[in-house]
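S.K.: Below are the structure tokens for one structure; questions will follow.
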Amino acid sequence: MSPLQQAWQRARRRQWLAVAAVLLPLALAVTAVAVRLVGISIGSVVLLVTLLLVVGTATWRARRLDRQWLVRRLDTHPVAQDSADLLFADAASLNPLQQLQRDRISRTLFAAMPDLRTPWPRPWLVASWLGGLLVAVLAVGWPAPGAPLPVLPGTAAPEASVALPPRLQSARLQIRAPAYTGQAARTQTALDAKVVQGSALDWSLRFTAQPSKAALQLHDGTRIALRRDGEAWVAQWNASRPTLYRIVTEPALSAPRLYRLDVVPDRPPSVRVIAPDRTLVLAAPGQRQWTLQFEASDDFGVAASAELALTLAQGSGENITFREQRIALTGTGPATQRRFARTLDLAALGAGPGNDVIAQLHVRDNHTPTPQAAQSTSLILRLPSEEQVLGADLEGMVKKTLPAYFRSQRQIIIDAEALIKQRATLSAEEFVKRSDAIGVDQRILRLRYGQFLGEESEGAPKAPPTSDSLPTSDTPAADHDDDHAHAPATAQDSHDDHDHGAAKADAAPVFGAATDVLSEYGHTHDHAEAATLLDPETRAILKAALDQMWSSEGELRQGRPERALPFANKALEFIKKVQQAERIYLARVGPELPPIDEGRRMGGERIDLGSRTLTISPVAAPDPAIVAVWQQLADTRNAPDLDVLSQWLGRNERRLADPLSLAAAIEELRIQPDCIACRGTLRAQLWRALLRPLPQVERRAAPDPMAQRYLDALEATR
């Protein structure tokens, strides 16, 4: 760097320091005033902002010393002879005379470089520092707004008298939060505070005149006595609930006011599951590990250790056993937001196919003396059994054809009637073909109902028709109230072709064949208890229905639907009687019920019996006395009963969203009975606290003449 550039940089540095030195006292004075008026927290923000302004202004002033300033500054030197701009010009653009002048100026300046720095602004510095310090001292020593002037140290406050009531001179509130919160003790002059539940509060109050007695009066009637300690009055209290309080003395304190103490309860920790992303996870084939990740958060910190509760469910049906295990985990990360992770070895847990592994994380916070606990949602890992895997694999092999819908008995009758109406438009061959298709539907339906009677199926029926060959009906289908359903056609064929004789004893089953699979897993009509599902009377009615279906099927297969209709209608009547049967006996499953205590039967005793009806508890109407107080507040001539209102607030404090605001409005009006604004505030707070009436069912509008005739007709048909 050349000597000229060094001199230039020194000039800029001097300019930056001079501006900063002038503005710094002003920034400190503004900060002191802000701290005195709005507190240390806002004062810190003001200090940061003012320092940034000082640095920015000084930098801006230093950058104004640019090259033009440097040329003007050098031109004032006698040696430069107003030719300093030649030092920064391009040598190629100069003529010989200009180059000669430039060389002479350079040699002279570099031999004795002048001082380019501006002198210190001493008058401005003295005025700025004196004014800033004076403002800061006055701001620190000036009393707070509304506070009385302090007395001189060493002088005792006089005793209070009727003519000279005491006034609050100074106050100090020390707050010591519980140790587990990690918050440092703090002291403040404001008597309004927001503290953690369980904090220890210490008051130290000074009065201009010493009262004979002093206490802190809480809004619920509790008093905290103040005891005299020299010239101060002190008291201690453990903040267990939010409250409002005021200072009461004898004689009465001059200009009393109400203070608010908000108590923040410690919330229990919360647990969030990070992995897996769902509560029920189906294990992949061959899976051996299961990764779990949790995140626990708390306002004052989560304990470093947690427990992972694992439950292994084994077995199926009624033979299910549970085995529990707990694993200690150590969290990572900050205390207020810890993460817990664990990768489970399924083989080490003893989990096998068909088992469920249930995981849940239990955490605690640092609350003393009793930590608050929380747990995560239950995560389930389901290991499919071999049967479930095999069933899933076989499902795609069995369902190879589209399902053919079974006709109900009512639909068979409708199709037969429609076919009779279309006889004139169809050829004889087509008519017989469609009648035969309806007969096939009748046969399939007969075989379905026959399974309930334990009947064996018949051999090699004709396959059910597809949707293309089904008869069309020009009448709408009726309700399928006689067990209308659908099933794969191949499944029905497997029932029809099934034979228990020795004809198929030597046939080797084909793996994956639909008939062989359904014969092994889907055969139910020859179950030992299948024939005992119905009582004898119902079985007889169903047998008669099957006989009618047989006759209907025979006529339909021969192309005579008009002769089949009587049998089909009779079968439908029998089916309706079966549906209305009183008793249907099912196969017994599950555990047996405990025996009935014969000693308690017909005794009328209802001990230990819960009510089977849901009772509707009516909502209590607003207290008439409170409504009367709310109405009295609107008339300034009436004095509201604040004692009744305070008692009502004590009974309903838990259901109110902000009971302290209502209590503060009551106390303000109690202190200033003639305050109009206080009456309006209390009335607004009381209106928010009153119960809103539930919406009632609107009365139906009167019907018009047509609707009235309709209602009269309904009444006549009863």
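S.K.: Could you grab me the full set of residues in segment 649-687 that are within 22 Å of residue 263 (Cα to Cα) and not aliphatic (A, V, I, L, M)?
M.R.: Once the filter is applied, which keeps residues that are within 22 Å of residue 263 (Cα to Cα) and not aliphatic (A, V, I, L, M), segment 649-687 yields 650, 651, 652, 653, 654, 655, 658, 659, 661, 667, 668, 685.
S.K.: Within segment 42-62, work out how many residues are of a type in the set (Gly, Ala, Ser) and under 10 Å from residue 27 (Cα atoms).
M.R.: 0
S.K.: Also: Go through segment 278-293 and report how many residues are surrounded by 15 or more Cβ atoms within 10 Å (Cβ to Cβ) and in a loop (DSSP other than H, G, I, E, B).
M.R.: Result for segment 278-293: 1.
S.K.: Would you point out the residue of segment 635-648, among those that are more than 19 Å from residue 256 (Cβ to Cβ) and aliphatic (A, V, I, L, M), that is surrounded by the most Cβ atoms within 10 Å (Cβ to Cβ)?
M.R.: The qualifying residue surrounded by the most Cβ atoms within 10 Å (Cβ to Cβ) is 645.
S.K.: Would you check if residue 313 is in contact with a Gly (Cβ under 8 Å, 6 or more places away or on another chain) and at pLDDT below 95?
M.R.: Considered against the rule, which asks whether it is in contact with a Gly (Cβ under 8 Å, 6 or more places away or on another chain) and at pLDDT below 95, residue 313 comes out as no.
S.K.: Can you tell me which residues in segment 232-266 are of a type in the set (D, E, K, R), exposed (fewer than 14 other Cβ atoms within 10 Å of the Cβ) and more than 16 Å from residue 661 (Cα to Cα)?
M.R.: 250, the sole residue that qualifies.
S.K.: Are any residues in segment 224-277 part of a strand (DSSP E or B), hydroxyl-bearing (Ser, Thr, Tyr) and within 22 Å of residue 664 (Cα to Cα), and if so, which ones?
M.R.: If the condition is that a residue be part of a strand (DSSP E or B), hydroxyl-bearing (Ser, Thr, Tyr) and within 22 Å of residue 664 (Cα to Cα), then 243, 245, 249, 259 are the ones that fit.
S.K.: Moving on. Taking the options 164, 138, name whichever one is out of contact with any helix residue (DSSP H, G or I) (no Cβ under 8 Å at 6 or more places or on another chain), in a helix (DSSP H, G or I) and either at pLDDT 80 or above or not polar (S, T, N, Q) (or both).
M.R.: 138
S.K.: Further question on the same structure: Please tell me if residue 625 is modelled with pLDDT under 80 and either in a helix (DSSP H, G or I) or assigned by TED's automatic domain parsing to the domain that holds residue 246 (or both).
M.R.: Yes; evaluated as a whole, the condition is true for this residue.
S.K.: Go through (1) outside any loop (DSSP other than H, G, I, E, B); (2) at pLDDT below 85; (3) surrounded by 13 or more Cβ atoms within 10 Å (Cβ to Cβ) and name the single condition residue 715 misses.
M.R.: If we test residue 715 against (1) outside any loop (DSSP other than H, G, I, E, B); (2) at pLDDT below 85; (3) surrounded by 13 or more Cβ atoms within 10 Å (Cβ to Cβ), just (3) comes out false.
S.K.: Here is a list: 359, 351. Which entry is of a type in the set (A, V, I, L, M) and not in a strand (DSSP E or B)?
M.R.: Criteria check complete, one pass: 351.
S.K.: If I filter segment 663-712 down to residues being modelled with pLDDT of 85 or more and of a type in the set (S, T, N, Q), which single residue comes out as surrounded by the fewest Cβ atoms within 10 Å (Cβ to Cβ)?
M.R.: In this case the residue turns out to be 708.
S.K.: Among what's in segment 3-54 and is surrounded by fewer than 18 Cβ atoms within 10 Å (Cβ to Cβ) and among the polar types (S, T, N, Q), pick the residue that is nearest to residue 188 (Cα to Cα).
M.R.: Of everything passing the filter in segment 3-54, 41 is nearest to residue 188 (Cα to Cα).
S.K.: Might you let me know whether segment 598-617 holds any residue that is at pLDDT 70 or above, of a type in the set (Val, Ile, Thr) and either outside any loop (DSSP other than H, G, I, E, B) or touching a helix residue (DSSP H, G or I) at 6+ places or on another chain (Cβ under 6 Å) (or both)?
M.R.: No, the conditions are met nowhere in segment 598-617.
The values are calculated or read from the model by the stated rules, or taken from the named source; none is laboratory data. Quick caveat, the model's predicted, so the values are computed rather than measured. Neighbour counts run over all protein chains shown; Cβ positions are idealised from the backbone, glycine included.
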